[in-house]
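> Input: one structure, supplied below.
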There are 2 protein chains.
Amino acid sequence: MSKKRVAVLVSGGGTNLQKIIDAAEDGRIKSGELAVVVSTSKKAFALERAKKHGIKTEVIARSEYKTDEECDARLISILEENKINLVVLAGYLRIITPKVIKLYENRIINVHPSLIPSFCGDGFYGLRVHEAALSYGVKVTGATVHFVNEVTDGGAVILQKAVEVKEGDTPETLQRRVMEEAEWLLLPRAVELFCSGRITLDGRHVTIRQEE
Amino acid sequence: MSKKRVAVLVSGGGTNLQKIIDAAEDGRIKSGELAVVVSTSKKAFALERAKKHGIKTEVIARSEYKTDEECDARLISILEENKINLVVLAGYLRIITPKVIKLYENRIINVHPSLIPSFCGDGFYGLRVHEAALSYGVKVTGATVHFVNEVTDGGAVILQKAVEVKEGDTPETLQRRVMEEAEWLLLPRAVELFCSGRITLDGRHVTIRQEE
């Protein structure tokens, strides 16, 4: 069976991208291939990671377009040119327009650094998520991989993993632990589950078929 | 050092009460003693559990009082008569009035069957919590022990534990798993932590001093 073609959309350092690359190289991802990495900035270190592994890269700088729609028209053409089956948002700091969401319905996934529905939605990104968790005083947080729909962080949940909050945690130490113990495990796993056709979506409910 | 005196407030079967009794008998709770069990109904099976272990019981039926305040005046007199240091809500289906909350500030704890702030607040109790979690489609839920303040499920978090949602779960199977894997462990532990003076509260932040 041919591999599913995966686009990873990034804005920054690309640590989540690196974990997907690693999983593709060591065989944890075997049903998908990284077809293209799309960055919002030509300075994103994620692009270096992609190039180092021979993965095609594209840059879509918002400043070069008049509107979000024009900007995402370019994104759509890149996804179509590359015959993309799965779009992975891996620290992508632009909002995806409804047109893209509609075109790639149930084929765009995102990783969010909390146990959704806690600490998610508009304004909750990056360190802010962990600041909110610490400010609330939770003892358990985690990460979520979910389908992307028109509601920020509102799509169906695919995978979640809990992570302990420790005394003395700062937003930075908590962010790092959530990455190490949850995001970096969940995202490659979700990519392989999707590409191997083991994810079934029924309304908001994701069923995962276990490997035989 | 004398043991702290604990009141457990119940409305139903009293499974959480039973776990506190068990922990007191097997030594996991050694800094507190069960001074009184207060039930909203004389029919609550929790009362049988208390009596079997020689624990004093009281019933406060709302129907015998004109107002919530009169009803809670009786509660206050029971707590005072019994020199209570810690009030544990263990499936207590009445709202505690602000007067009681004020009098016993930072001395009332509750167990809630989700990872607060998910699936909590007004209307989220009992099976409804698990129905909401399944309806949302989360893959991880859990339980929380927290201080009780004037906001429903809004007080500072003391302990949390994650529990996996499994495919095919019904609200009933999920409720049972959350009890077994989280509530029944967290509540006795929180009682002992409180009674041994190892919980420090700073704003919304609970710090737990580990045992030497």
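> Taking the residues in segment B:198-212 that are at the interface with another protein chain (Cβ under 10 Å from one of its Cβ atoms) and in contact with a helix residue (DSSP H, G or I) (Cβ under 7 Å, 6 or more places away or on another chain) as candidates, determine which candidate is modelled with the lowest pLDDT.
Applying the filter and picking the extreme gives B:ARG204.
> Continuing with this model, one more query. Residues in segment B:134-148 that are within 20 Å of the chain's Cα centre (by Cα) and either aromatic (Phe, Trp, Tyr) or within 13 Å of chain A (Cβ to nearest Cβ) (or both): how many?
Counting residues in segment B:134-148 that are within 20 Å of the chain's Cα centre (by Cα) and either aromatic (Phe, Trp, Tyr) or within 13 Å of chain A (Cβ to nearest Cβ) (or both) gives 7.
> Same structure again: Specify which of the listed residues (A:ILE55, A:ILE78) is part of a loop (DSSP other than H, G, I, E, B) and either assigned by TED's automatic domain parsing to the domain that holds A:TYR125 or within 18 Å of the chain's Cα centre (by Cα) (or both).
A:ILE55
> Give segment B:160-175 a look and list any residue that's at the interface with another protein chain (Cβ under 10 Å from one of its Cβ atoms) and touching a residue at least 40 places away in the same chain (Cβ under 8 Å), or say none.
Result: B:GLN160, B:ALA162.
> Which of the numbered conditions does A:ARG107 fail, given that it passes all the others? Conditions: (1) under 13 Å from the mean Cα position of the chain (by Cα); (2) under 25 Å from B:HIS205 (Cβ atoms); (3) basic (Lys, Arg).
Failed condition: (2).
So that you can scan it fast, the table gives a plain yes or no per residue for (1) of a type in the set (A, V, I, L, M, F, W, C); (2) under 20 Å from A:VAL138 (Cβ atoms); (3) surrounded by fewer than 17 Cβ atoms within 10 Å (Cβ to Cβ):
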| residue | (1), (2), (3) |
| --- | --- |
| B:ASN110 | no, yes, no |
| B:SER118 | no, yes, no |
| B:ARG128 | no, no, yes |
| B:VAL145 | yes, yes, no |
| B:GLY155 | no, yes, no |
| B:ILE158 | yes, yes, no |
| B:LYS166 | no, no, yes |
| B:GLU183 | no, yes, no |
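> So which residues in segment A:15-47 are out of contact with any Cys (no Cβ under 7 Å at 6 or more places or on another chain) and in a strand (DSSP E or B), if there are any at all?
Answer for segment A:15-47, where residues must be out of contact with any Cys (no Cβ under 7 Å at 6 or more places or on another chain) and in a strand (DSSP E or B): A:GLU33, A:LEU34, A:ALA35, A:VAL36, A:VAL37, A:VAL38, A:SER39.
> State all residues of segment A:195-212 that are at positive phi and part of a helix (DSSP H, G or I); if no residue qualifies, say none.
Correct list: empty.
> For segment A:47-69, enumerate the residues that are of a type in the set (A, V, I, L, M) and in contact with a Ser or Thr (Cβ under 6 Å, 6 or more places away or on another chain).
A:LEU47, A:ALA50, A:VAL59
> Now, a different point. Cβ-Cβ under 7 Å, sequence separation 6+ or interchain: first residue in segment B:190-203 and closer than 16 Å to B:GLU105 by Cα, partner among the hydroxyl-bearing types (Ser, Thr, Tyr) and surrounded by fewer than 17 Cβ atoms within 10 Å (Cβ to Cβ). Which pairs?
Correct list of pairs: B:THR200/B:THR207.
> Also, quick follow-up: Pick from segment B:100-123 the residues that are part of a loop (DSSP other than H, G, I, E, B) and within 13 Å of chain A (Cβ to nearest Cβ): which of them is modelled with the lowest pLDDT?
Our first condition is that a residue be part of a loop (DSSP other than H, G, I, E, B); within segment B:100-123, this holds for B:104-107, B:113-123.
Of the ones still in play, those that are also within 13 Å of chain A (Cβ to nearest Cβ) are B:114-121.
Details: B:SER114: 98, B:LEU115: 98, B:ILE116: 97, B:PRO117: 97, B:SER118: 97, B:PHE119: 97, B:CYS120: 94, B:GLY121: 91.
It comes out as B:GLY121.
> Could you please give the count of residues in segment B:37-72 that are out of contact with any Leu (no Cβ under 8 Å at 6 or more places or on another chain) and either farther than 19 Å from B:GLU105 by Cα or at pLDDT 95 or above (or both)?
20
Conditions (1) in contact (Cβ under 8 Å) with a residue 60 or more places away in the chain; (2) among the basic types (Lys, Arg); (3) within 14 Å of chain B (Cβ to nearest Cβ), marked per residue:
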site	(1), (2), (3)
A:VAL38	no, no, no
A:LEU47	no, no, no
A:HIS53	no, no, no
A:CYS71	no, no, no
A:ILE84	yes, no, no
A:TYR92	yes, no, no
A:VAL129	no, no, yes
A:ALA132	no, no, yes
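> What's the number of the only condition in (1) part of a helix (DSSP H, G or I); (2) of a type in the set (D, E, K, R); (3) closer than 28 Å to A:ASN85 by Cα; (4) out of contact with any Lys or Arg (no Cβ under 9 Å at 6 or more places or on another chain) that A:GLU192 fails to meet?
Looking at each condition in turn, A:GLU192 falls short on (4).
> Return yes when A:ILE84 is touching a strand residue (DSSP E or B) at 6+ places or on another chain (Cβ under 9 Å), within 26 Å of A:SER31 (Cβ to Cβ), among the β-branched types (Val, Ile, Thr) and outside the structural domain of A:VAL8 (by TED's automatic domain parsing) and no when it is not.
no
> Taking the residues in segment A:81-99 that are part of a loop (DSSP other than H, G, I, E, B) and under 11 Å from the mean Cα position of the chain (by Cα) as candidates, determine which candidate is surrounded by the fewest Cβ atoms within 10 Å (Cβ to Cβ).
Taking segment A:81-99 first, the residues part of a loop (DSSP other than H, G, I, E, B) are A:82-85, A:90-97.
In the following step, the residues that additionally are under 11 Å from the mean Cα position of the chain (by Cα) were identified as A:90-93.
Numbers: A:ALA90: 24, A:GLY91: 23, A:TYR92: 22, A:LEU93: 15.
The extreme case among them is A:LEU93.
> Let me ask another. Only one residue in B:VAL151, B:VAL178 is more than 9 Å from chain A (Cβ to nearest Cβ), touching a strand residue (DSSP E or B) at 6+ places or on another chain (Cβ under 8 Å) and either in a helix (DSSP H, G or I) or surrounded by fewer than 16 Cβ atoms within 10 Å (Cβ to Cβ) (or both), so which one is that?
B:VAL178
The values are calculated or read from the model by the stated rules, or taken from the named source; none is laboratory data. None of the values given here were measured: they were computed from a predicted structure. Every residue, glycine among them, receives a Cβ derived from its backbone with ideal geometry; neighbour counts consider all protein chains shown.
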